[in-house]
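*Asks:* First the structure, which I've put down as structure tokens, then a few questions once you've had a look.
The values are calculated or read from the model by the stated rules, or taken from the named source; none is laboratory data. Because the structure is predicted, anything quoted here is derived from the model rather than measured. Cβ: placed from backbone, ideal geometry, glycine included. Neighbour counts: every protein chain shown. Heads up: the accessible areas ignore ligands, DNA and RNA and are worked out on the full protein's heavy atoms, side chains in. Shrake-Rupley method; radii C 1.70, N 1.55, O 1.52, S 1.80 Å.
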Amino acid sequence: MKISVLINNFNYARYLGQCIDSVLSQVYPDFEVIVVDDGSTDDSRQIIAAYGDRIVSVLKENGGQASSFNAGFAAAGGDILFLLDADDAFMPGKLARIAEMYDRNEIDWCFDRVTTNESDQPPAELQVTLFDKRETLRKGGFPSLPVPTSGLSFRRSLLSQILPMSVAKDVVLSDNYIKFAAAYLGRGAIVETPLTFQRIHASNRYTGTSRAKTLRPRIMIATGLELARRYDGLQALGKSLVAGGIAETTSLLKLRSEARNTVAGGPFGDDAATEVALMAARKRLGNMLRRGQA
């Protein structure tokens, strides 16, 4: 069983080498490392070039994380595919242990939880929960899938029903779409004991950032619309995600409006840029809803 590890990178040169090394040092007989660089402007491409033929490099213009997933999948030849953000790393033994999960269980995907403590060691024993919530998803329910990109793996037969996916700038359409689609399309497992290190730092695009609160409703709306568009059985879930995103967006706009009114006449009270931003946000929301209903 061949494994492909798809590393997506954008301006994470300071972490990229450690990320690649964490995969190359894995003890498994047949795997490839595919590094997709999404138009980085730092030293990422020099680092990638230094690995030579030990990795497969895909160099592309900037198009967002979803486009990197698509490009990596197109270049991959593995039976099992792992996703990995370039600022994260795999713990020793991860590939072999997850491969064993696929061998021993009739599963289509396997997600392992992550740790944010770099000194953590891989667990001696794995706590595994088999997961089949396909009927829950069809009814519009929200199963808990608290695993970021770097903890995700899939059989090729399943991921080929998800990728290529629609692209979006930034992270508004990314791993949440893939996770919900995978849970709808197949039976999986969640490894409760971490096998992946997730790095929290000042340059994270979402996790632990100050903009996560404003990005969250955009992610919910974009994910809901795409799931409903792509899969007939996820209409109810898609509508629920869009409704939740609208509610959060409305709440955020209300808070910003109240804050603006509170300081009316002050240094921010007549800020025309704030009003323009609010109007643009409402317009984008309306456009997304109209496209989703079309």
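*Asks:* Would you check which residues across region 66-99 are open to solvent by less than 10 Å² (accessible area, probe 1.4 Å), farther than 18 Å from residue 20 by Cβ and either free of Cβ contacts under 8 Å to residues at least 40 places away in the same chain or under 18 Å from the mean Cα position of the chain (by Cα) (or both) and list them?
*Replies:* Hits for region 66-99 are 66, 80.
*Asks:* Go through (1) assigned to a helix (DSSP H, G or I); (2) at pLDDT 95 or above; (3) farther than 17 Å from residue 6 by Cα for residue 189 and report which single condition fails.
*Replies:* That leaves (1) as the condition not met.
*Asks:* Something else now. Being open to solvent by 10 Å² or more (accessible area, probe 1.4 Å), touching a helix residue (DSSP H, G or I) at 6+ places or on another chain (Cβ under 8 Å) and part of a helix (DSSP H, G or I) is true for just one of 184, 177. Which residue is that?
*Replies:* 184 is the lone residue from the list that is open to solvent by 10 Å² or more (accessible area, probe 1.4 Å), touching a helix residue (DSSP H, G or I) at 6+ places or on another chain (Cβ under 8 Å) and part of a helix (DSSP H, G or I).
*Asks:* Only one of these conditions is not met by residue 37: (1) open to solvent by less than 10 Å² (accessible area, probe 1.4 Å); (2) in contact (Cβ under 8 Å) with a residue 40 or more places away in the chain. Which number is it?
*Replies:* Here residue 37 clears every test but (2).
*Asks:* Could you list all residues from region 16-32 that are crowded, with 19+ Cβ neighbours inside 10 Å, part of a helix (DSSP H, G or I), over 17 Å from the mean Cα position of the chain (by Cα) and not β-branched (Val, Ile, Thr)?
*Replies:* Answer for region 16-32, where residues must be crowded, with 19+ Cβ neighbours inside 10 Å, part of a helix (DSSP H, G or I), over 17 Å from the mean Cα position of the chain (by Cα) and not β-branched (Val, Ile, Thr): 16, 22.
*Asks:* Please go through region 179-198 and pick out each residue that is of a type in the set (A, V, I, L, M, F, W, C) and touching a residue at least 60 places away in the same chain (Cβ under 8 Å).
*Replies:* The answer is 182, 183, 185, 189, 190, 191, 195, 197.
*Asks:* Identify the residue in region 100-109 that is open to solvent by less than 40 Å² (accessible area, probe 1.4 Å) and touching a Gly at 6+ places or on another chain (Cβ under 6 Å) and, among all such residues, is farthest from residue 159 (Cα to Cα).
*Replies:* Among residues in region 100-109 that are open to solvent by less than 40 Å² (accessible area, probe 1.4 Å) and touching a Gly at 6+ places or on another chain (Cβ under 6 Å), the one farthest from residue 159 (Cα to Cα) is 107.
*Asks:* I've got another one for you. Which condition from (1) open to solvent by 40 Å² or more (accessible area, probe 1.4 Å); (2) more than 23 Å from residue 178 (Cα to Cα); (3) in contact with a helix residue (DSSP H, G or I) (Cβ under 8 Å, 6 or more places away or on another chain) is the one that residue 118 breaks?
*Replies:* Against the list (1) open to solvent by 40 Å² or more (accessible area, probe 1.4 Å); (2) more than 23 Å from residue 178 (Cα to Cα); (3) in contact with a helix residue (DSSP H, G or I) (Cβ under 8 Å, 6 or more places away or on another chain), residue 118 comes up short only on (3).
*Asks:* May I ask you to list the residues in region 33-44 that are in contact with a Leu (Cβ under 7 Å, 6 or more places away or on another chain) and not in a strand (DSSP E or B)?
*Replies:* 44
*Asks:* Also, I was wondering about something else. So, residue 62, is that one surrounded by fewer than 23 Cβ atoms within 10 Å (Cβ to Cβ) and at positive phi or not?
*Replies:* Working: surrounded by fewer than 23 Cβ atoms within 10 Å (Cβ to Cβ): yes; at positive phi: no.
Considered against the rule, which asks whether it is surrounded by fewer than 23 Cβ atoms within 10 Å (Cβ to Cβ) and at positive phi, residue 62 comes out as no.
*Asks:* How many of the residues in region 1-15 are closer than 11 Å to residue 87 by Cα, open to solvent by less than 10 Å² (accessible area, probe 1.4 Å) and aliphatic (A, V, I, L, M)?
*Replies:* 1
*Asks:* Give 145, 137 a once-over and let me know the one that is out of contact with any Cys (no Cβ under 7 Å at 6 or more places or on another chain) and in contact (Cβ under 8 Å) with a residue 60 or more places away in the chain. Write out each step before concluding.
*Replies:* Numbers: 145 fails: in contact (Cβ under 8 Å) with a residue 60 or more places away in the chain.
So the residue among 145, 137 that is out of contact with any Cys (no Cβ under 7 Å at 6 or more places or on another chain) and in contact (Cβ under 8 Å) with a residue 60 or more places away in the chain is 137.
*Asks:* Got a number for residues in region 125-165 being part of a strand (DSSP E or B) and open to solvent by less than 80 Å² (accessible area, probe 1.4 Å)?
*Replies:* Residues meeting the conditions: 7.
*Asks:* Is there a residue being modelled with pLDDT of 90 or more, basic (Lys, Arg), under 22 Å from the mean Cα position of the chain (by Cα) and part of a helix (DSSP H, G or I) anywhere in region 196-207? Before you say what the answer is, go through the steps one by one.
*Replies:* Filtering region 196-207 down to residues modelled with pLDDT of 90 or more leaves 196-199.
Narrowing the set further to residues that are basic (Lys, Arg) leaves 199.
If we keep only those that are under 22 Å from the mean Cα position of the chain (by Cα) too, we end up with 199.
Applying the additional criterion that residues be part of a helix (DSSP H, G or I) yields none.
Within region 196-207 (the criterion being modelled with pLDDT of 90 or more, basic (Lys, Arg), under 22 Å from the mean Cα position of the chain (by Cα) and part of a helix (DSSP H, G or I)), the answer is no, since none of the residues qualifies.
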